[in-house]
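The values are calculated or read from the model by the stated rules, or taken from the named source; none is laboratory data. All values derive from a computational prediction rather than experimental measurement. FYI the Cβ positions are ideal-geometry reconstructions off the backbone, even for glycines, and counts take in every protein chain you see.
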Amino acid sequence: MKETYFVTGISTDVGKTVVSAILTQALEADYWKPVQAGDLNNTDGHKVAKWVTNSKTVIHNSAYNLNTPMSPHAAADIDEIQIELKGLKRPKTDKNLVIEGAGGLLVPLNSKDLIIDLIQPEDKVILVSKNELGSINHTLLSIEALKSRNLTIAGIIFNGESVPTTESFIEEYSGVPVLGRLEKEPFIDSNVVNEYAERFREKLTAQG
């Protein structure tokens with residue numbers, strides 16, 4: 001059975017793109033980022049394409065490519081366009097699909113729609129949490145937002161140095177399984193992504 005994994009984070013710059021690449025490699029899935037804001041010469045799709053080495057993955061073009069690295073609604077306003085949910089149609093594929101959100105769950109796309117509105121009930125949500133001051137609060141709030149909409153949380157992936165007290169509290173309090181953790185890597189390349197893909201593949205396919 002083919003699955004769609006929606007990768008979101010507790011905020012921006014927590015490692016969503018690296019995690020998306022790892023999932024894409026592990027599942028030989030397709031990848032899609034609905035909205036890219038800023039860095040159009042080195043988009044998240046470009047990075048995933050560079051890091052993923054299997055021959056089956058297709059990197060689908062973003063529906064909106066915005067020039068300014070800001071919240072999508074603000075970046076779209078600068079570009080004098082309007083992001084609409086009907087313009088965010090998912091690519092058709094016969095493979096697993098990894099979708100990478102922008103920022104956190106409540107980041108606005110326009111005056112009324114948020115990133116969380118892109119998640120469908122059948123999606124498996126992967127929440128990326130970076131171990132830093134405030135991450136317990138941000139992680140639990142993100143989980144509460146997902147649960148309030150009855151969305152399926154497949155698991156949490158922590159990023160950064162191990163903080164056992166933080167990780168164990170979040171897992172026990174939320175009841176959401178921890179799929180694993182990314183170490184504080186000095187750099188990311190295809191070898192690093194493939195190494196983590198091997199680690200995560202069994203847990204991901206066991207959920208299928």
Matching entry among 19, 48, 14, 7 (being over 23 Å from residue 143 (Cβ atoms) and either crowded, with 21+ Cβ neighbours inside 10 Å or hydrophobic (A, V, I, L, M, F, W, C) (or both)):
48
Return the residues of the stretch 94-118 that are of a type in the set (D, E, K, R) and either buried (at least 22 other Cβ atoms within 10 Å of the Cβ) or within 22 Å of residue 140 (Cα to Cα) (or both); say none if nothing qualifies.
100, 113, 117
Kindly evaluate residue 145 against the criterion of being at pLDDT 95 or above and more than 21 Å from residue 90 (Cα to Cα).
yes
Report, by residue number, each residue of the stretch 22-46 that is among the charged types (D, E, K, R) and either farther than 27 Å from residue 113 by Cβ or touching a residue at least 40 places away in the same chain (Cβ under 8 Å) (or both).
28, 30, 33, 44
Does at least one position in the stretch 160-171 carry a residue that is within 15 Å of residue 17 (Cα to Cα) and part of a strand (DSSP E or B)?
no
Name the residue that is surrounded by the fewest Cβ atoms within 10 Å (Cβ to Cβ), counting only residues in the stretch 155-177 that are hydrophobic (A, V, I, L, M, F, W, C) and at pLDDT 95 or above.
169
Return yes when residue 142 is closer than 12 Å to residue 9 by Cα, part of a strand (DSSP E or B) and not β-branched (Val, Ile, Thr) and no when it is not.
no
Between a residue in the stretch 77-95 that is outside any loop (DSSP other than H, G, I, E, B) and any residue that is polar (S, T, N, Q) and surrounded by 13 or more Cβ atoms within 10 Å (Cβ to Cβ), which pairs come within a Cβ distance under 8 Å, given they are 6 or more apart or on different chains?
78/67; 78/68
Looking at (1) more than 11 Å from the chain's Cα centre (by Cα); (2) at positive phi, which one does residue 30 not meet, given that it meets all the others?
(2)
